[in-house]
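Note sheet for the following structure.
The values are calculated or read from the model by the stated rules, or taken from the named source; none is laboratory data. Please read these numbers as outputs of a predicted model, since none were measured by experiment. Cβ placement follows ideal geometry from the backbone for every residue including glycine, while neighbour counts extend to all protein chains displayed.
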Amino acid sequence: MINNALINPKSIVIIGGSNDITKPGGKVLKNLIDGNFNGDLYVSNPKETLVQGIKSFQNIHSLPEVDLAIIAIAAKYIPETIEILTKNKNTRGFIILSAGFSEMGEEGKILEKRVVDLIDGVDGSLIGPNCIGVLNTNYNGVFSKPTPVLDPQGCDFISGSGATAVFILESAIPYGLTFSSVYSVGNSAQLGVEEILKYMDETFDPEKSSRIKILYMEKIDKPALLLKHASSLIRKGCKIAAIKSGTSEAGSRAASSHTGALASPDVAVEALFNKAGIVRCYGREDLISVANVFKQKELKGKNIAIITHAGGPAVMLTDALSKGGLNIPHIEGKDSDELLGKLFDGSSVGNPIDFLATGTAEQLDTIFDYTDNKFDNIDGMAVIFGTPGLFPIFDAYKVISERMKTSRKPIFPVFPSGITARKEVDYFLSLGETFFPDEVLMGNAICKVYNTPKPEAENVILPEIDKISIRKIIDNASEGYISPSEIQCLLDATGIPRAKEKEVYCINDATEFASSTGFPVVMKVVGPLHKSDVGGVSLNVNNIAQVEKEFNRLININEATGVLIQKMHQGTELFAGVKYEKGFGHLILCGLGGIFIEVLKDVSTGLAPLSGNEAVRMIKNLKGYKIISGVRGNEGVNEAIFADIIVRLSALVTVAPEIEEMDLNPLLGSKDNIIAVDARINVKKR
């Protein structure tokens, strides 16, 4: 629970406040003083009578009542201190800067739990331990530098790492980003990134609250909470970007199916971010560049005009934007010719619009005017503006600032001359603007923001399936991989089309089924998990003699319990699957099937429950999508049916959450139909 004592305290005590500002207790006090905290400020230090001009209470029992305690003493003394503050001083907000808790091992975990229990007992709020503190427009409760410009409409920043928070601020401040709040949650003993975001959602004020949130996370303890409140904030008009570090799959558990091998926790993070509408970033500069894009007007389309007087950066930006799926359309016609006539000889306006190193601020203003008001095939402008340092160019920076404020279309400024034009850039920043130092970073960030999907509706409408039959099958099934007959019943109850098939245990049943279904047929061993690895699949079985021969071969494979026989179908091999990821729920995966799932690993992932829109987007995001849509005269696959199967898998796992893993591999698809010809389902009774 986050309370007002933490967010807007009327009184603060620094437990362990010091005259030595090289120590956290001294530095946080100095920052509070320098930040002009307008409440009552107290210090408790048993060895000092006066700390930075403030009376020190040498005995904590003599303190008056106080809203917020910022604690910078040894960990072993903290539980006793909190007990006194909670019981005798009505303290309900706590920031513990000190380390020595759960990050140190079992003894520290016990100490940390005792602290949390004491604070929970009075409905208090705790940030930390092992953090740099909290910074907002009410107080500077951090012991670190730099201190950003505090602005109610600046970025809200939540970080799981104190040092990383400092480094991200170092990256952001030089480019003009301001901040509304900074939360360093440290060990997240009580309040983590998810809880802070929840508070921001529940207290969101469309008139006063910041609409930009940036996050740094090393773990996601509560995925459902993050999804709920991030997507809610974005629906309210906020924009959220996040780094989730630790993307390596080293240490991931061994999986027993294709789906399991592909579905790492990082895949789950990716699926969650996409569902919530969070822009995913992978580094500090990446995060700051995306936040800078958030600060500009929203890009409504894919067409960008590049305005520059330097050819090389324009080429690199063109490459970055094109790679990210945006367009740099050719500009031509009467208005284009008219604009060219207003520029110096040698200029070009075809896009990029190059007005030469000798171009003037007036010409730049004219270019903005034409691009904003006359070039209807342009949705946004990137301006790359530097200087060789021959003369001051304040007027050009003023034009850019004014146009950024008044233009209907967003303007994204790149200033490469951070040293040569330092005074001009500082002037630009003083006008309240932000800029990018590098065109490729900017181009990548624009593409990330544009391509990140909007959050899905909170309540997804799923197709009707036979819930009673599904529950009966799952309730009666044993743990582990279920039988082909149980799989057939589940697919039928879910409404997923499948090939006609039968599990047989003798030659007579095999030949009888093959004769009735017609040739050719496929025969597969039942029992071994990876049938292909043991030679357990026979294709194009065309007559009774072959059926008998293959039955005898397959039934004698080690661990074989039977033979599955089915009509042979043709089509493009597809894949759809399910993987349960602890904490996140069920991941739904799709891609090209057969051996391509192992070789190409071209898979899209979504988080159940999935909407139809999400399923369609998953299909279109595949690198092999052109194979699915049809390429070089080959007919494509019915995408609507493929999307429906993906959504039905999502519906299935909401009814049967015991499904741990499920593969439909391959599905055989054509323009008219998609049929499941092989399936595998692993059930775990949680």
Are any of the residues in region 418-440 modelled with pLDDT of 95 or more, surrounded by fewer than 19 Cβ atoms within 10 Å (Cβ to Cβ) and among the β-branched types (V, I, T)? yes
Counting only residues that are more than 33 Å from the chain's Cα centre (by Cα) and outside any loop (DSSP other than H, G, I, E, B), which one in region 3-23 is nearest to L68 (Cα to Cα)? I12
Test result for S670, in the same structural domain as Y580 (by TED's automatic domain parsing), over 20 Å from I595 (Cβ atoms), surrounded by fewer than 23 Cβ atoms within 10 Å (Cβ to Cβ) and in contact (Cβ under 8 Å) with a residue 40 or more places away in the chain: no
Spot the failing condition for E83; the list is (1) closer than 22 Å to F101 by Cα; (2) touching a Gly at 6+ places or on another chain (Cβ under 8 Å); (3) among the acidic types (D, E), and only one is missed. (2)
Of the conditions (1) of a type outside the set (S, T, Y); (2) outside any helix (DSSP H, G or I); (3) modelled with pLDDT under 95; (4) over 28 Å from K531 (Cα atoms), the single one that L610 does not satisfy is (3)
When you look at T511, is it of a type in the set (V, I, T), in contact with an Asp or Glu (Cβ under 8 Å, 6 or more places away or on another chain) and either surrounded by 13 or more Cβ atoms within 10 Å (Cβ to Cβ) or more than 20 Å from P666 (Cβ to Cβ) (or both), yes or no? yes
Residues of region 158-187 being under 20 Å from the mean Cα position of the chain (by Cα) and either in a loop (DSSP other than H, G, I, E, B) or in the same structural domain as S430 (by TED's automatic domain parsing) (or both), in sequence order, are G160, S161, V185
Selection from region 305-339 of residues that are closer than 20 Å to D376 by Cα, surrounded by fewer than 17 Cβ atoms within 10 Å (Cβ to Cβ) and not hydroxyl-bearing (S, T, Y): G325, N327, P329, H330, E332, G333, K334, D335, D337, E338
Report the residue count in region 135-171 for those that are of a type in the set (S, T, N, Q) and under 20 Å from G93 (Cβ atoms). 6
Of the residues F575, F596, only one is of a type outside the set (S, T, Y) and in contact with a Gly (Cβ under 6 Å, 6 or more places away or on another chain); which? F575
Restricting attention to region 356-397, and to residues there that are within 36 Å of the chain's Cα centre (by Cα) and part of a helix (DSSP H, G or I), which single residue is farthest from E433 (Cα to Cα)? N373
Qualifying residue in region 127-146 (condition: crowded, with 19+ Cβ neighbours inside 10 Å and under 22 Å from the mean Cα position of the chain (by Cα)): no
Which residues, counting only those in region 20-34, are exposed (fewer than 14 other Cβ atoms within 10 Å of the Cβ) and in contact (Cβ under 8 Å) with a residue 24 or more places away in the chain? D34
Select from region 506-563 the residues that are under 21 Å from I681 (Cα atoms), in contact with a strand residue (DSSP E or B) (Cβ under 8 Å, 6 or more places away or on another chain) and not hydrophobic (A, V, I, L, M, F, W, C) and list them in ascending order. K524, G527, K531, G536, T561, G562
Does I331 satisfy the criteria of being within 34 Å of the chain's Cα centre (by Cα) and outside any helix (DSSP H, G or I)? no
Mind listing just one residue for me: the one in region 608-657 that is basic (K, R) and without any contact (Cβ under 8 Å) to a residue 40 or more places away in the chain and, of those, farthest from E270 (Cα to Cα)? R632
Would you call E635 within 23 Å of P497 (Cβ to Cβ) and either out of contact with any helix residue (DSSP H, G or I) (no Cβ under 6 Å at 6 or more places or on another chain) or assigned to a helix (DSSP H, G or I) (or both)? yes
